[in-house]
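K.L.:
Here you go, one structure.
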Amino acid sequence: MKKLALIVVGSLCSIMAMAQAKPFYTQYILNNYILNPGVTGIENYTDIKLSNRNQWTGINGAPVTSYFSIHAPIGKEDLRTSATSFAVPGEDPRGKRLWQEYTPPDPHHGIGFVAMNDKAGYINRWTLTGSYAYHKPLGVKTTLSVGFSAGISSVNLDRSKIEWANLDPNDPAIGISSGELKKIMPELGAGLWLYSAQYFLGASVLNIIPGKAKFVTNDKYGTSYTPNFFATAGYRFSLTDEVMMMPSVMFQYWQPQLGGLHTNLKFQYLDKVWVGGSYRFSNLISGYSAMAGLNISNTFNVSYSYEVATTSRLRNYTNNTNEIMIGFIIGNKYSQKCPRCY
């Protein structure tokens, strides 16, 4: 079993060394901003998210991904948001009609920030990025935003955490130095986001600048970082005045010829509680999951997802994946500054 665990963890690190993919997120639908800078500033409020994902809890050294994200609009004075937004509270008698007769928000800007840490085995990567987006109406119902992100990533390799067993510890790929090795690299991304009150379409690319984090001077070895491409779409259906259904899909691709298809179905009762399920098919790891969330006082929300791996090579050893997300909403209040009156 120890040998098997070494093989599995070694496979995780081999995946990371072959071509660095961005982490998987079961609850991507709750925070599309984490994968697309075009979402920056889409809301009429400041949106804060904290997330922790423990993948394959049955394996020692399995991936753990944590992040903090925050983004907010600049110069957006009306209350119109998007299909995934929280409703605006208050006693405005025009509120319901405002959504039924939705018009795009005025042109505005958005800024944001993400701090992310992704760890698997003896390799750890943290990333700090800032983002900017500009939102421009295209017609009577639709808005297009264009966003960019930039920052740095640090790839750390801790030799002291490697269990060599009977293998040769003088691995030419990581040298013979003891302790932790670090490499700093630039991080650049871009995204488009087309949205209305009912639907969204998005496309983005992260890791735009390809490169290699090498821990030795030999060019043969190292961890390659290639562009990651994302395409996503979703539509909001009103089943009743209180219940909303939103199916969505997201495709992820990164070189060399690896991809993952994520499908998601979410049901929401007002802005109080939601439940959903998803399935991910990937060249590397597939799985299905369930999630649920609760909104408290329109300022705080929490959600949880539980994922079961279906990939035959790993299913008997990985156990399952837990992901929790906590969100804070700041400034989501009715305002008399809304420029249109009915």
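The values are calculated or read from the model by the stated rules, or taken from the named source; none is laboratory data. Remember, predicted model here, so these are calculated numbers, not experimental data. Glycine also receives a Cβ, built like all others from the backbone with ideal geometry; neighbour counts cover every protein chain displayed.
K.L.:
Can you pull out every residue in segment 21-58 that is under 15 Å from His135 (Cβ atoms), in a helix (DSSP H, G or I) and not aliphatic (A, V, I, L, M)? Please lay out each step first, then the result.
P.N.:
Restricting attention to segment 21-58, the residues satisfying the condition of being under 15 Å from His135 (Cβ atoms) are 32-33, 36-45, 47.
Pick out the ones that are also in a helix (DSSP H, G or I) and you get 32-33, 37-39.
Once the filter is applied, which keeps residues that are under 15 Å from His135 (Cβ atoms), in a helix (DSSP H, G or I) and not aliphatic (A, V, I, L, M), segment 21-58 yields Asn32, Tyr33, Pro37, Gly38.
Okay, residues lined up against (1) modelled with pLDDT of 75 or more; (2) part of a strand (DSSP E or B); (3) not aliphatic (A, V, I, L, M):
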residue: Trp274; (1), (2), (3): yes, yes, yes
residue: Arg280; (1), (2), (3): yes, yes, yes
residue: Met291; (1), (2), (3): yes, yes, no
residue: Ser303; (1), (2), (3): yes, yes, yes
residue: Val308; (1), (2), (3): yes, yes, no
residue: Thr311; (1), (2), (3): no, no, yes
residue: Tyr317; (1), (2), (3): no, no, yes
residue: Asn322; (1), (2), (3): yes, yes, yes
residue: Asn332; (1), (2), (3): yes, no, yes
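K.L.:
Okay, next question. For segment 242-256, which residues satisfy the criterion of being among the hydrophobic types (A, V, I, L, M, F, W, C) and over 23 Å from Asn228 (Cβ atoms)?
P.N.:
First, the residues of segment 242-256 that are among the hydrophobic types (A, V, I, L, M, F, W, C): 243-246, 249-251, 254.
Within segment 242-256, Val243, Met244, Met245, Met246 meet the criteria.
K.L.:
What number goes with the only condition from (1) crowded, with 16+ Cβ neighbours inside 10 Å; (2) in a loop (DSSP other than H, G, I, E, B); (3) at pLDDT 70 or above that Phe215 does not pass?
P.N.:
The one condition Phe215 does not meet is (3).
K.L.:
Among the residues of segment 46-97, write down those that are at pLDDT 85 or above and among the aliphatic types (A, V, I, L, M).
P.N.:
Ile48, Leu50, Val64, Ile70, Ala72, Ile74, Ala83
K.L.:
Does Asn156 fit the bill of being modelled with pLDDT under 85 and either touching a helix residue (DSSP H, G or I) at 6+ places or on another chain (Cβ under 8 Å) or not in a loop (DSSP other than H, G, I, E, B) (or both)? Walk me through it before giving the result.
P.N.:
Values: modelled with pLDDT under 85: yes; either touching a helix residue (DSSP H, G or I) at 6+ places or on another chain (Cβ under 8 Å) or not in a loop (DSSP other than H, G, I, E, B) (or both): yes.
Criteria met by Asn156.
K.L.:
Also, I was wondering about something else. Six or more apart or on different chains, Cβ atoms under 7 Å: show the pairs whose first residue is in segment 65-77 and within 15 Å of Phe113 (Cβ to Cβ) and whose second is assigned to a strand (DSSP E or B) and β-branched (Val, Ile, Thr).
P.N.:
Hits for this filter: Tyr67/Val114; Ser69/Val114; Ile70/Thr46; Ile70/Ile48; His71/Ile111; Ala72/Thr46; Ala72/Ile111; Ile74/Ile111.
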